[in-house]
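Notes for the one structure printed next.
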Amino acid sequence: MITKKKINQKDKRGFILDIFVGKPRDHCSLVSFEKNSVRGNHFHKKSIQYSFILEGKLLMITSKVNKNGKYLGKKNRKIVKKNDLITHKPFLAHAFKAKTRSKMLAFADGLRGGKNYEKDTFRLKNKLI
């Protein structure tokens, strides 16, 4: 699911844009992409990942998968841009390819950060990109 986030308040000092309201997250990372680089090609069995695009333009490909990472149905392709918030639910494989230099924040509910990074990250044998 992709949600276009809108500015909540703007004045001469700048703006405020709420990414999340009412629910804290367990983890957050800043992820950068050089043009044509690929990231992701994995899924989570328990965690929900949220990707918030700070700048740039990315091709995102997703597909539902089973517990072994086998695709269930078709692959979905979308271009995501600044201020898009993407929700990756469990068993939704996801990958990004940068069309331009890009940055995003990756948030998670569940195991995802630091030494727990790989505990709920399952790499796809048959990559999306």
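Please check the chain for the longest run free of chymotrypsin sites (Phe, Trp or Tyr not before Pro) that are loop-located per DSSP (anything but H, G, I, E, B) and have at most 14 other Cβ atoms within 10 Å.
On the way: sites that count: PHE20, TYR117.
The answer is 21-116.
Any idea how far the Cα center of segment 1-69 sits from the one of segment 74-99, in Å? Here the answer is 8 Å between Cα centres. Along the chain, the longest continuous region that contains none of the trypsin sites (Lys or Arg not before Pro) in a DSSP loop with at most 10 other C-beta atoms within 10 Å is 14-66.
Just one of [x] 1.07; [y] 1.02; [z] 1.26 is Cα Rg over 2.2 N^0.38 Å as worked out from the coordinates here. Which one is it? Checked against the structure: label [x].
Residues whose amide H falls under 5 Å from that of ASN41, counting only those 5 or more places apart or on a different chain, are HIS94, ALA95, PHE96, with hydrogens built in the peptide plane. For LYS119, the lysines whose Cα comes closer than 27 Å to its Cα, not counting residues fewer than 8 places off in the same chain, are LYS23, LYS45, LYS46, LYS64, LYS67, LYS70, LYS74, LYS75, LYS89, LYS97, LYS103, LYS127. The ranking of MET1, MET60, MET104 by Cβ neighbour count inside 10 Å, starting from the fewest, reads MET1, MET60, MET104.
Contact order for segment 4-129, expressed relative to its length and based on alpha carbon pairs under 8 Å spaced 6+ residues apart, stands at 37 percent. Placing dummy labels 7 Å off each Cα toward the beta-carbon, the span from LYS75 to LYS35 is 2.3 nm.
For THR100, the residues whose modelled amide H falls within less than 5 Å of its own, excluding neighbours fewer than 5 places apart on the same chain, are ASN36, LYS57.
Bear in mind these aren't lab numbers, they're just calculated from the coordinates by the rules spelled out. What you see is a predicted model, and the numbers here were worked out from it, not measured in a lab. Neighbour counts are summed over all protein chains in view; Cβ atoms, including those assigned to glycine, are modelled from backbone coordinates with ideal geometry.
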